[in-house]
1. If you scan the range 147-169, which residues turn out to be assigned to a strand (DSSP E or B), of a type outside the set (D, E, K, R) and more than 9 Å from the ligand (Cβ to nearest atom)?
2. If you take the residues in the range 223-260 that are within 18 Å of ASN207 (Cβ to Cβ) and among the acidic types (Asp, Glu), which one is farthest from the chain's Cα centre (by Cα)?
3. Assess whether ARG84 counts as being over 22 Å from GLY10 (Cα atoms) and among the basic types (Lys, Arg).
4. May I ask you to say which residue of GLY67, GLY89 is within 23 Å of the chain's Cα centre (by Cα) and in a loop (DSSP other than H, G, I, E, B)?
5. Mind listing whichever residues of the range 110-122 are surrounded by fewer than 24 Cβ atoms within 10 Å (Cβ to Cβ) and either in a loop (DSSP other than H, G, I, E, B) or not assigned by TED's automatic domain parsing to the domain that holds LYS315 (or both)?
6. I'm trying to understand the selection: among the residues of the range 191-231, which are surrounded by fewer than 21 Cβ atoms within 10 Å (Cβ to Cβ) and aromatic (Phe, Trp, Tyr)?
7. Between GLY253, GLY242, GLY311, GLY233, which is assigned to a loop (DSSP other than H, G, I, E, B), away from the ligand (no atom under 16 Å from the Cβ), over 14 Å from ALA128 (Cβ atoms) and of a type outside the set (A, V, I, L, M)?
8. GLN206: more than 12 Å from the ligand (Cβ to nearest atom), outside the structural domain of SER150 (by TED's automatic domain parsing) and over 20 Å from SER151 (Cβ atoms), yes or no?
Amino acid sequence: MKAIQVSKFGQPEVLQYTDIDRPTPAIDEVLIKVKAIGVNPVDTYIRSGKYPVLPSLPYIPGSDVAGIIEQCGSQEPSFTCGTRVYTCGTISGGYAQRVTAKTSQVFHLPDGISFQEGASLGVPATTAWRALFIRGCAQAGEKVFIHGASSSVGMCAVQMARAAGLKVYGTAGTKAGIDRLKSLGISGVWNHREQEYLSTLQKELQNNRFNLILEMLANVNLSRDMELLAPRGRVVVIGSRGTITFDPRSTMGPELDIRGLSLFNSTGEELKQAQAGIQAALTTGTLKPVIARVFSLEDACKAHQQVMANGKCGKILLTP
Ligand code: NAP
C-alpha cells in the first residue's frame with residue numbers, strides 16, 4: 001500500500017511517498033481503509049524533530065483519519081467490517097491507505113457526516129472540547145474569548161461554546177476568517193493582525209470582561225490576555241510557539257488561572273466523554289467542521305507547508 005514515511009527529521013521534503021506492507025491489527029485493534037486524513041500542526045513539529053516526544057525512525061505521521069473498518073482484531077466485538085469511523089490516534093500512522101488503531105481510539109462517524117469532515121475531528125474537535133469543558137470548566141451564560149478563533153480548534157470551539165449557551169467572541173487574521181466566524185454566529189470578532197485591536201476590543205467591551213479565554217498563540221498574547229479577563233477568569237493555553245515575558249502580579253488581584261492543555265494527557269474516560277459530545281453535536285448539526293483545502297497523499301509535503309501558513313481558515317486534509 002502507499003504511505004508517507006519519515007526516515008529522518010527535517011523540512012517537509014522528508015515526507016516520502018512510498019510503498020510499504022499493509023499493517024495487521026493486533027487483538028484489540030482494527031484495520032481501517034482510509035478515505036481522508038487530517039493534517040495537524042503537531043504533525044509538522046514532530047516531523048521537524050523539535051517536539052518533546054518523538055517517534056523512533058522510520059515512522060508514518062498522522063493521528064486523524066476517517067474511513068471504513070476492513071478487519072477486526074480477534075478480540076474485537078465493538079466494531080464490524082464496513083462500519084464508518086474516525087480516529088483520535090492510530091498505531092501504524094495516519095498518512096497511509098490503511099491504518100491500524102486501538103479500538104479505544106476509534107469512534108463511529110455519524111450518518112450524514114462525510115469522511116473529510118470525520119478526518120477533521122480527532123485533534124481539533126477533541127482539543128476544543130477539552131479546552132472548553134474539561135480544562136476551561138465553561139458554564140452556560142459565561143463569556144468566552146477565543147484568541148485565534150479562525151483556527152481549526154477555534155472554529156470547533158466557537159460552535160461548541162455557542163451550543164452550550166456561552167457568549168462567544170474571538171479573533172481572526174483575515175477578512176475571510178472574520179466573515180467565516182460571523183457565519184458561525186460569533187458575537188464579536190476582531191482582527192489580530194491590526195495593531196490596536198486589543199485596545200479597540202477593550203473600549204468596546206468596557207468593563208464587561210471575559211470569564212474564559214482559549215489561547216492559540218500564548219507566546220504573543222498571554223500578557224494582554226490578563227487584561228481581558230474578569231476576576232477569577234481562566235485562560236487555557238492551547239497553542240504557543242515561543243516564549244513570553246510578563247508580570248505575574250497581573251494574576252494576583254483578580255485571582256486569574258493560567259491552565260495548560262495537552263491533548264496527549266486525555267484519559268480514556270475524557271476521550272469517550274469528548275467524543276460523545278462531538279458526536280451529539282454532529283448529529284444535531286451544531287458542529288460542522290470547516291475544511292480549507294484537500295491535497296492528495298503524495299502531496300503531504302505541500303500540505304505541511306500549508307498547515308503552517310496564516311489565513312487558511314479551516315482544516316488541511318489529505319486523501320489517499
Ligand atoms: P491552525 O488551524 O493552523 O490555526 C492557527 C491559528 O493561529 C490561525 O487561526 C491563525 O489565525 C491564528 N493566529 C495567527 N496569529 C495569531 C495571533 N497573533 N493571535 C491569535 N491567533 C493567531 O491550527 P489548529 O490546528 O487549530 O491549532 C491551533 C494551535 O493549537 C496550534 O498552535 C496547535 O499546535 C495548537 N494545538 C495544541 C494542542 C494541545 O494539545 N495543546 C492540540 C491541538 C492544537 P489567522 O490564520 O486567521 O491569522
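The values are calculated or read from the model by the stated rules, or taken from the named source; none is laboratory data. Treat the numbers as computed from the prediction; the structure is a model and nothing was measured. Here the Cβ is made from the backbone with ideal geometry for all residues, glycine too, and neighbour counts use every protein chain on show.
1. Selection gives VAL168, TYR169.
2. Here the answer is GLU255.
3. On the way: over 22 Å from GLY10 (Cα atoms): yes; among the basic types (Lys, Arg): yes.
When the stated conditions are applied, ARG84 passes them.
4. Values: GLY67 fails: in a loop (DSSP other than H, G, I, E, B).
Exactly one of GLY67, GLY89 is within 23 Å of the chain's Cα centre (by Cα) and in a loop (DSSP other than H, G, I, E, B), namely GLY89.
5. Selection gives PRO110, ASP111, GLY112, ILE113, SER114.
6. TYR197 - this is the single residue of the range 191-231 that is surrounded by fewer than 21 Cβ atoms within 10 Å (Cβ to Cβ) and aromatic (Phe, Trp, Tyr).
7. Values: GLY242 fails: away from the ligand (no atom under 16 Å from the Cβ); GLY311 fails: away from the ligand (no atom under 16 Å from the Cβ); GLY233 fails: assigned to a loop (DSSP other than H, G, I, E, B).
Among GLY253, GLY242, GLY311, GLY233, only GLY253 is assigned to a loop (DSSP other than H, G, I, E, B), away from the ligand (no atom under 16 Å from the Cβ), over 14 Å from ALA128 (Cβ atoms) and of a type outside the set (A, V, I, L, M).
8. On the way: more than 12 Å from the ligand (Cβ to nearest atom): yes; outside the structural domain of SER150 (by TED's automatic domain parsing): no; over 20 Å from SER151 (Cβ atoms): yes.
Answer is no for this residue.
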